[in-house]
Amino acid sequence: MEIENTVLIKNGTIVRFNESLKADILVQGSKIAKIQSQISENEATKVIDASGKYVFPGGIDPHVHLDLPTPAGNSADNFETGSKAAIFGGTTTVIDFVTPERNQNLIEALNFRKADAINCFTDYSFHVSPIGWTEDTENQIIKCIKEEGISSFKIYMAYDISLNDFEMAKVMQAVGKQNGLVTVHAENGKVIEFLRRKSIDEGNVSPKYHALTRPVALEEEAINRAIEIAKLTDCKLYVVHVSSAKGMMRIEKAQREELPIYAETCPHYLLLDHELYNQEFENSAKYVLSPPLRTHYDQDKLWASLSINTIQSIGTDHCPFNLKGQKDAGINDFTKIPNGAGSIEYRLSLLYTYGVLTGKITINQFVGIVSTLPARIFGLGKQKGDLKVGLDADVVIWNPDYEKIISLENQYQNCDSNIYQGFKIKGNAETVLLRGEIIIENEKIVSTPKGIFLKRGLGN
Ligand code: URP
Ligand code: ZN
Ligand code: ZN
C-alpha cells in the first residue's frame, strides 16, 4: 500500500449523526480511506493517538459574514482572521454571502466576493442574494446553480436589501423550479422601520430599544409569510437565525404538513437573553444583533426543538463589530449601531458544553446539527459532514476534558468585545484536519490557509 501522506487516527470514539463507534480512521491524501478497528500503524506516515478523545466530522457553519461591508466599516473579522477562529473551534467549512450592488449581475457579484475570500483557513461557499427582480434574474439563478455550484439563495425581508412579497415569490418560484433552496432572514422590515423611527422620535435611543422595536410578532409574521410563499411556489425554505418560540412553532406546523422547511438557530438565542440590553451602552451595544435576544421561554423552546430535530442546523451568524470605532457610531441612536456579533470559534464548544453535557441533546444529535445536516441541506453531503470512506478527511479530534473561560485575552476572533466573555466551556478541537491536511495540532496552528471554494450540489 502507498504510505505517502497517510494519517492514522487511532483509538478514538468516532461520533456520527446516527452512531458512535470505537474505530481507527486512515486518511490517505485528502480523503478518508478506511474506518475499522485496529488499523496497523505500518499503513501510515503519521499516527495520532486519540485515546480518550472523540472524533467528529469537521463542522459546517452555514451562516457567517466575514468582511461584511457596512456603513460602519467592514465586519471586524476578514476571511483570514475569521476562518482561523473557526478552525480553532472545529469548523472546517463556512458558508458566507454574496450581496450584489443594485442591478449588479449575481455572477459578477459572486466573482468579486470570491476574491475577498483569499487566505481562508476553512473551505468556503456562498449563499447568493437576489436583492430585486429583473427579466434576467431567473437566468442568473439558473447559471448559479448549473455552472457556479451555488444552490442556495438568501433573501431578506428586512433591511434596505429586502424583497417585497412579489419579488420573494418570483425568486422562490425560480429557485424552486431548479430544486434549489431559499434561505430567509424573516423579520417584517417595514413595520420594524416604523417602530424604529417612532422610537427615535420619542427620544428612546439606547440599545434596549433595538430589541423593543423588533418584537417576536414581527419575526413570527415574516416566518409565516415566507412559509406560505414557499408553499405556493413549491420551493424549499431554510429560515436563518430563528430566535423565538412563536416563530419556531410556525416552522414546526409547516414541518408537520411535511413541507421542506428547515430551521437554523444561533448559539446566542440559546444562551443569552434580552435582559442583557438593560446595561449602559458599552455593555449592551455588543448584543445589538438581529433578530434581538429574546426570553428564557424562547431559549427553552429552541433547545426543545433541537432535541426533537425540528431545528436542523446551528449557524453562528458571525458578524462582529468593534465597540470602539464601529458600534459606538450608535451611541446616541441605536439605529446606527451595526448589527451583529461573533461566535465562529465557539459554535461547537458552546453546543457541546450547554447542549450535550447538560443532556439537552445527544452527542450524535450534536454532530448532526453542527455538521451532517447542514452539509446535506446545502448540497455538500457527498463530500463533507460525515466520517465515511470516500468523503473529505475533514476531521476534528475533540478533547472532552479541556476547560476554559472565554475572554478577550484567549479569543481568536478579531474584535474588541466578546458576547461570551466569562462563559465556561468544556471540550476543545485539539487537532483538526482539512481535506487530510493537519491544520491545528495539539491546539496550535501548523499550516498556512488552505481553504478552497466549494461547488455545491442540490441538497436534500
Ligand atoms: O445582526 C445580524 N444578524 N447581523 C448580520 C446580518 C444578518 O441579519 O444576518
Ligand atoms: Zn439576518
Ligand atoms: Zn446573518
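Quick note: the coordinates plus some simple rules give every number you see, no bench work behind them. Worth saying up front: this structure is predicted, and the values here are computed from it rather than measured. Note that we place each Cβ from the backbone using ideal geometry, even for glycine, and neighbour counts take in every protein chain shown.
Listed values, structure above:
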quantity	calculated
Test: residue in segment 364-384 that is touching a Gly at 6+ places or on another chain (Cβ under 8 Å), of a type in the set (Phe, Trp, Tyr) and under 19 Å from Gly12 (Cβ atoms)	yes
Any hit, segment 227-248, residues being over 27 Å from Lys143 (Cα atoms), more than 16 Å from ligand 1 (Cβ to nearest atom) and buried (at least 24 other Cβ atoms within 10 Å of the Cβ)	yes
Filter pass, Gly342 being surrounded by 24 or more Cβ atoms within 10 Å (Cβ to Cβ), touching a residue at least 60 places away in the same chain (Cβ under 8 Å), on the phi > 0 side of the Ramachandran plot and not hydroxyl-bearing (Ser, Thr, Tyr)	no
Condition check for Ile377: surrounded by 24 or more Cβ atoms within 10 Å (Cβ to Cβ) and more than 27 Å from Ala211 (Cα to Cα)	yes
Residue count for segment 335-356, restricted to those that are within 11 Å of ligand 1 (Cβ to nearest atom) and touching a strand residue (DSSP E or B) at 6+ places or on another chain (Cβ under 7 Å)	1
Criterion: closer than 30 Å to Ile438 by Cα, under 20 Å from the mean Cα position of the chain (by Cα) and within 16 Å of ligand 1 (Cβ to nearest atom) - qualifying residue of Val94, Val128	Val94
Segments classed as strands (runs of 3 or more DSSP E), wholly inside segment 1-109, with at least 1 members that are in contact with an Asp or Glu (Cβ under 8 Å, 6 or more places away or on another chain)	6-10, 24-28, 31-36, 46-49, 54-57, 91-98
Ile192 being within 16 Å of ligand 3 (Cβ to nearest atom), of a type outside the set (Asp, Glu) and in a helix (DSSP H, G or I)	yes
Among (1) free of Cβ contacts under 8 Å to residues at least 60 places away in the same chain; (2) touching a helix residue (DSSP H, G or I) at 6+ places or on another chain (Cβ under 7 Å); (3) in a loop (DSSP other than H, G, I, E, B) - the single one Val205 does not satisfy	(1)
